[in-house]
1. Give me the number: length gained by fully extending residue 326 to residue 76, i.e. 0.36 nm times residue separation minus the C-alpha to C-alpha distance, one decimal in nm.
2. Between residue 66 and residue 127, what length comes free when the chain is fully extended (0.36 nm per residue of separation minus the Cα-Cα distance, one decimal in nm)?
3. Of all the Cα-Cα pairs you can form in the range 117-249, what percent are over 25 Å apart?
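Since every read-out is calculated from the coordinates, none of them should be taken as a lab result. Since this is a predicted model, take the numbers as computed values, not measurements.
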Amino acid sequence: MRPIFPYLRAPSRLLLYFRFLRYLLWEFRWPVLVFVGLVLGGGWALHRGYGSDPLSYARACHAVFLMIFLESALDFPDEWYLQPLFFLLPIVGLGAIADSLIRLAILMFNRKQNLPEWNRMLAALCRHHFVVIGVGKVGYQVILGLHEMRESIVAIEMSAGSPFLGELFDMGIPVIQGNARMLSVLEQAGVRRARAVIVSTSDDLTNLDAAITARELNPEARIVLRLFDETLATKVAGAFAMPTISTSQVAAPAFIAAATGRKVYQPLQLADQQVHLTDLVICPTGRLVGRNVGELQTDRRINVVMHQSRRTGIVNVNPDGEIVLAADDTLLVIAPMGPMLALVAMNQPSSEATIGR
């Protein structure tokens, strides 16, 4: 049988198994209570009233236990008030056992068929997890990234025909099917207990509605939402203190890079200033050859966060300013767009750099 949440570390998985056992005990509480009540109550009745051969309480409970399974170790009593007990105990006891077996069979069938009841049960076991709303192309990639980090994840998807649902089931990730704008759906996904909620559907109104409802359910959770409207994203981030990802803003650098033939400059926001992160391979005929790291950082508002020597293969994180750049070395740099473009121009072959100036 495939384990529950197979991607989690062993301690987390053991904790989930404990929660799963506790969930089963609560789900089967009435049949269990009926069975235990029959054994203890029936044992007390036999202990007090079985006259032909006085029984200890422990022996009387054991006799009732056997009686439920149609294996009575006692003779039929002469006392009229005990006679109905010998008929009722097997009927009620076997009824409670049959009810438990049917419930267990339904639970296993739900698991095998990946039915909503099984997914809701798995979501109920999660604590301090990530809720990802929308299992489209963006949401699926977010889930894969969290899965690689071995995080506990619950997904919400309204469409039962999403092509990614089967893969999520194979990974052991529960999916709550329903409209994320509904409070009940968010509660089924365990938003009240979640560490963060990532809203990534393709509809701005749905994303905003789900994000605000999630914030009301769990003020401590980190809410991140995807918005297509850049103006709306800026207003939401300021008014609700929620990180917002504008699809157009994220995609723009990739389109510019493809059109100009340059690398994608990943934008970052630091101290109210937008900076960009990119890697740079030192051109053998460019003007960066022979300069040191400290000179670049002092003169051009550029931060070199990593240097890899082509000759030795050694990688230096936060490299020393005295390191001299050589042909085919690799730099990872952070800088505003202006200094970044100036650095790229300096790294062009001599003829191209001259034209750029």
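1. Details: separation 250, 0.36 × 250 = 90.00 nm, distance 9.92 nm.
Net length gain for the segment: 80.1 nm.
2. On the way: separation 61, 0.36 × 61 = 21.96 nm, distance 4.13 nm.
Result for the pair: 17.8 nm of gain on full extension.
3. Details: 1466 of 8778 pairs.
Result: 17 percent of Cα pairs exceed 25 Å.
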